[in-house]
Amino acid sequence: MSFEEERKRMVEVQLRGRGIEDGRVLKVMGNAPRHRFVSKEHEQSAYADHPLPIGEGQTISQPYMVALMTECMELEGNERVLEIGTGSGYQVAILAQLAKEVCSIERVEKLSLKAKEILTQLGYTNVKLKVGDGTKGWKEHSPYQAIMVTAGSPDIPQSLLDQLSEGGRIVIPVGGSFSQELMVVRKRKGKAKTRKVCGCVFVPLIGEFGWKQ
Ligand code: SAH
């Protein structure tokens, strides 16, 4: 099967088949070349139903989790979005097709540089990447209409709530260092309203307002 055929099947079976309904999300997941964001060694499993290693002890999330989190962002196209945990850059590529601008922070420089290289090759121009501690957010470009954290956090960092615009959403896995609950936090009149989506497993968010080393 070609990568394109595998991708189509992934969208039908893993995403639509499990309840992802947002047509824009399904469309971009059907377009983005996920196999380009993993090493040659893992290319053949790029569209399989599980996360994959991307080096430095980190992972690219399972396609379903990427789709679910993206759907929870409720993007319409005009938003400035912040992602914490660039990793391979795959989630950035998905968000960049659904929002106006994507800012993403990664603490491991090597991963950020690799992500930058591939995103540039693929021609994404509405993306800003930075190396640093994402638990502090990225004040310079705030406020953000939506924020996604792709690593597991002990709680919801206040710094991210502060950089979220009124009515904005934070999609974040919250819980222990081995398993978490995916939460959607909505900012209404300055206060956070949270909703639990499902259980999940992410690598830890390490930083000043996350887990300590
Ligand atoms: N979104 C990624 C998956 C990332 S895995 C993708 O599409 O491939 C989580 C990433 O979060 C890892 O690369 C890890 O290094 C990074 N990370 C952990 N703590 C962080 C922090 N405080 N700031 C920025 N990145 C962090």
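Look at residue 209 and say whether it is within 18 Å of residue 86 (Cα to Cα), surrounded by 11 or more Cβ atoms within 10 Å (Cβ to Cβ), of a type in the set (Phe, Trp, Tyr) and touching a Gly at 6+ places or on another chain (Cβ under 8 Å).
Details: within 18 Å of residue 86 (Cα to Cα): yes; surrounded by 11 or more Cβ atoms within 10 Å (Cβ to Cβ): yes; of a type in the set (Phe, Trp, Tyr): yes; touching a Gly at 6+ places or on another chain (Cβ under 8 Å): no.
Criteria not met by residue 209.
Filter the range 50-100 down to residues that are closer than 15 Å to residue 30 by Cα, of a type in the set (Ser, Thr, Tyr) and within 12 Å of the ligand (Cβ to nearest atom), then give me how many there are.
2
Could you tell me whether any residue of the range 32-42 is within 23 Å of residue 182 (Cα to Cα) and either away from the ligand (no atom under 15 Å from the Cβ) or modelled with pLDDT of 95 or more (or both)?
Taking every residue of the range 32-42 in turn, at least one turns out to be within 23 Å of residue 182 (Cα to Cα) and either away from the ligand (no atom under 15 Å from the Cβ) or modelled with pLDDT of 95 or more (or both).
Among (1) farther than 27 Å from residue 53 by Cα; (2) not in a strand (DSSP E or B), there is one condition residue 192 misses while meeting the rest; what is its number?
That leaves (2) as the condition not met.
Quick check: is even one residue across the range 160-169 within 15 Å of the ligand (Cβ to nearest atom), in contact with a helix residue (DSSP H, G or I) (Cβ under 7 Å, 6 or more places away or on another chain), more than 16 Å from residue 209 (Cβ to Cβ) and at pLDDT 95 or above?
No, every residue in the range 160-169 fails to be within 15 Å of the ligand (Cβ to nearest atom), in contact with a helix residue (DSSP H, G or I) (Cβ under 7 Å, 6 or more places away or on another chain), more than 16 Å from residue 209 (Cβ to Cβ) and at pLDDT 95 or above.
With respect to residue 13, is the statement that it is aliphatic (A, V, I, L, M), surrounded by fewer than 17 Cβ atoms within 10 Å (Cβ to Cβ) and modelled with pLDDT of 95 or more true?
For residue 13, the condition - aliphatic (A, V, I, L, M), surrounded by fewer than 17 Cβ atoms within 10 Å (Cβ to Cβ) and modelled with pLDDT of 95 or more - is met.
Take the range 157-206 and flag every residue that is over 21 Å from residue 80 (Cβ atoms), crowded, with 16+ Cβ neighbours inside 10 Å and among the charged types (D, E, K, R).
181 - this is the single residue of the range 157-206 that is over 21 Å from residue 80 (Cβ atoms), crowded, with 16+ Cβ neighbours inside 10 Å and among the charged types (D, E, K, R).
Name the helices (runs of 4 or more DSSP H) wholly inside the range 43-138 in which the number of residues that are at pLDDT 95 or above and surrounded by fewer than 22 Cβ atoms within 10 Å (Cβ to Cβ) is 1 or more. Steps first, please.
Details: elements: 63-72, 90-96, 109-121.
Per the criteria, 63-72, 109-121.
The values are calculated or read from the model by the stated rules, or taken from the named source; none is laboratory data. Computed from a predicted model, the values in this text were never measured in an experiment. Here Cβ is always computed from backbone atoms with ideal geometry, including for glycine, and neighbour counts include all displayed protein chains.
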